[in-house]
Structures are given as structure tokens and as C-alpha cells.
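J.: Mind looking over this structure? Questions follow.
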Amino acid sequence: MKFPENTIRPRERAFLVGVDLQLEEDLLSIEDSLEELALLADSAGLDVVGQATQRLDAPNPKTFIGSGKVEEVKALVEEVQADIVIFDEELSGRHLRELEKIFGDRVQIIDRTALILDIFAQHANTREGALQVELAQYEYRLPRLTRAWTHLARQAGGGGGRSGGVGGVGLRGPGETQLEVDRRDIRRRISNLKEQLEKVRTHRQQYRSRRKRSNLPIVALVGYTNAGKSTLLNKLSGADIYVADQLFATLDPTTRRVEFPGGKIALVTDTVGFIQKLPTTLVAAFRATLEEIAEADLLLHVVDVTHMNAQAQAKAVYQTLEDIEADHIPVVIALNKIDLLNDSDNARRAMEYFPNADAISALTGEGISELLESINRILFESFVDVSIWLPYKEGGLISLFHEQGHVDRIEHGDGGIHITGVIPHRLLARYSPYLIQTQ
């Protein structure tokens, strides 16, 4: 159907399917996970018109959910005239093919991962972000090529989504099926994207090296999506970063200078929000961006204290930090959105679970001065005793120890130097590979 120019195209109608797998331990209940899926659908520009759930010991090898449930969902989809069926779990290529046969050409079948990839494609505003999203889309689609993806010519460049597909299809060789042609072209495109992203990664690493030479400490904002990280960075730095009350409103990292008590300066970086069941393709594709977190001196974990699943969301954040090997970095917790709390009981329960956190409102500024003091103590006032063995090739770390720490004893040996003394706690992660002992 064609729409006249300057008219708003109707939002597509989505039907959600949740599965409670008894053999898996999810952070969120099936009801809460579906509620989050509905928010994701809204962020992608979809209207949710219905949902269905099923509890299973294990996925059905053909259709993921049971055959009876498939027929029930099909009837409900027809009743509410849904355009898209979204599964809250990741579907295999076989699942997609079988479900597409059953639901027919009018209804599109996607899963949670495809939906998140679509949102990321909409919100990637830089060349790096677009490349990362496009790579994740192709790597996701390669083992799942079905009628929904194959031979749908479109302009490549990270603009993917529900109408997605593979552009640049070449001529078919003798005996080749269209599926084989598409797979070959996807592999070629993936290889090209990885080469481009490696150049971006090298450039970003050089940029990080220059920042480290400036000896300005780096604070990475982390947290569940929509926890208020961008709003907090705006408040801390006076920046004007795009903020919206939706999941994954901002995607590309932003760094700003922030002044702390005593006039000290640090660089604060806003990063992509985390979410439960974060697609592995995204973690891999966004390696360069996530390295911003892994190489920070301090993590500022922003928690939406008003959310009923705040504890589960925090666990999802810590799981992702472990996945990207950033769980060793010091953390300051900011319990955000206290201006929205209706009663003191909610605040008290949150503080019991996060006993050392600072309660703040990034919107009104309440508690920000206390938060800055907490960060200041770790970045500039907290020191730790260390004994390290540094190879001579790590001249930068040796110089940094002399500049930022205090040397009690130094001994030169074959191939390296043994230093005992104290360093700022924020630098401990940089020296961790060479630690002999800490006190």
C-alpha cells in the first residue's frame, strides 16, 4: 500500500510470544520479560496488540513452542490482525522456516534479537555505530536465511530492520540456488565490515592511548537501558545529549569533561545501555565501543531505583561486565530517579540492596554533589599498597607509577623492574596483570 507524501504511516501491529523454559534461570519472570519486550517493540515503532505465553521443559525442535500453541497463536494473530509475531527468545533458522510456513506470507516472524538489532539500526547516528549494527545484523541473518531475508535488495549501511534483507546480490553460478548466492554475498559483506571496523577499532585505541597520556581519569557510565545515563551526563557536564524515555534512545558513546570537587578533571563516557539476553552478535560487533568500558578507571553504575526489577536489571549489568572482562574495575552506584519515588519504603528497600549507593535525581540534581564526592574519593583520594613486576617495555606504566603514586622501594632486574609503593585505587586495574601482592 502506498501512502501520500507528508502523511504518517500507520504503525505495524505486533503480537508477542513468551516462553518460560523450566530448565533455564532467567533474571526476569516471563510476565516482566514480556513487559520489557513490549517496551522494545514500542521503541521500534510497533503497536503491541496481544500476547501469549507457554511453559516448556525444552523448546520444540521445529516450532519452538508446541504445535497446539502455534495454532492458538495463529488464530489470535488473525483475530487481532497482527502484522508481526515477536518471540521473546532467540529462534533458530529451522524455527523461523517452520513458523513462516504455518503463518504464511502476510505475517512476519522475528525474535527478540532481531527486534533489538532493528532498534539499534534506527539509533546508530555515527559511521562506527552503523557499521557495528550492520555487522551484527548480517551475522545474525547468515544462519537464518529464509524468505524473510533472502533476495530482498536494499541499500546496505546499517539501516536494517523488519523489512531487512541482503543487498548487492550477484550473478548465480551453475547449479547455485538463490540461498547459496545470498550466503556467499553475506559472508563477503561480513568480511568487508570487519575490515572497516578493525580500522575504526585501531583509531579508537589510538584515541584512548592519547587520553591515557593526558593522565585524566576516565569514568564510564554503565547501566540498564533507560536508567538515565545520558540525563546524568548532561547534568554532570552541562552537555546536551539526546534523551528520550525509551529503550536504547542513545547508542553511540559520548565523552565529556567533568569537574570534581577541588577542581580535578575527569573524562566521563556515556555508553550503550545493557539489557537481559543481550544478543551475543551485538557484544561481538560492539567490541570497539565496549572497550571504552573495559579500559575505564571507574564505572558509574546508574540504576533506575523506581523500576520494580531494579535488582534483576543490576544483575544483568554485572553479567555483561563480566562477559566483557570489566568486572574488576571499581564501581560507584547511583540510584537514579528518586524524584519519582512515591514513598520512603521504596527508597529504603533499594538502599538495603545497594547499601553503599548514592541516591540521586539526574533530572533535578538532587544528590549530585554527594555522588561527585564519592567518585572524587576513588579517583583522587583513595590509594592502595601494591608490589608489582613491570617489564621494561611497559615504560608508560613505570612513568605513571612515579607520577601518580608513591614509590617506597625499586629494584631493577633482568627484563624488568620490581616496584613497591602506593598508587591511586583507580589505576589498580591497569597494573593488575603485573601485581605480586596487594594489601
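Just so it is clear, none of the values below were taken in a lab; they were calculated from the coordinates. Small disclaimer: the values here were computed from a predicted structure and weren't measured. Note that we place each Cβ from the backbone using ideal geometry, even for glycine, and neighbour counts take in every protein chain shown.
J.: Note down the nm distance, to one decimal, between modelled labels 7 Å out along Cα→Cβ at Tyr318 and at Gln81.
T.: 4.9
J.: Quick one: which residues, 5 or more positions from Ile324 or on another chain, have an amide H under 5 Å from its amide H? H modelled 1.01 Å from N in the peptide plane, none for Pro or chain starts.
T.: Amide H neighbours of Ile324, under 5 Å, 5+ apart: none.
J.: Which percent, to the nearest 5, of DSSP beta bridges fully inside the range 8-154 are antiparallel?
T.: Counting DSSP beta bridges with both partners in the range 8-154, the antiparallel share is about 5 percent.
J.: Shifting gears a bit: What is the gain in length, in nm to one decimal, between His328 and Glu411 on full extension, counting 0.36 nm per residue of separation less the C-alpha to C-alpha distance?
T.: Length gained between His328 and Glu411: 27.1 nm.
J.: Report ³J(HN,Hα) in whole Hz for each residue of the range 305-314, in order, from the Karplus equation J = 6.51 cos²θ - 1.76 cosθ + 1.60 where θ = phi - 60°; Gly and Pro get x.
T.: 5, 7, 6, 5, 10, 4, 5, 5, 5, 4
J.: HN-Hα J couplings of the range 103-114 from phi, Karplus 6.51/-1.76/1.60, θ = phi - 60°, integer Hz, Gly and Pro as x?
T.: Calculated HN-Hα couplings, in order: 7, x, 6, 6, 10, 9, 10, 9, 10, 4, 4, 4 Hz.
J.: While we're on this one: Sort Met308, Met351 by Cβ crowding within 10 Å, fewest neighbours at the top. Present the calculation step by step, with values, prior to reporting the outcome.
T.: Numbers: Met308 11, Met351 14.
If I rank by nearby Cβ atoms, fewest first, I get Met308, Met351.
J.: Using mean Cβ contacts within 10 Å as the protection proxy, how do 409-419, 30-40 order, highest first?
T.: Put in order of decreasing packing, that is 30-40, 409-419.
J.: Would you please put 187-195, 133-141 in order of how densely packed they are, using the mean number of other Cβ atoms within 10 angstrom per residue and starting with the highest? Spell out each step's value before the answer.
T.: Details: 187-195: 14.2, 133-141: 24.9.
Put in order of decreasing packing, that is 133-141, 187-195.
J.: Quote to one decimal, in nm, the extra length available between Thr126 and Gln196 on full extension: 0.36 nm per residue of separation minus the C-alpha distance between them.
T.: Net length gain for the segment: 23.8 nm.
J.: A 27 angstrom limit on the alpha carbon distance is what I want to check against. Which of Lys277/Lys337; Lys194/Lys337; Lys62/Lys277; Lys101/Lys315; Lys194/Lys235; Lys199/Lys337 exceed it?
T.: Lys194/Lys337; Lys101/Lys315; Lys194/Lys235; Lys199/Lys337
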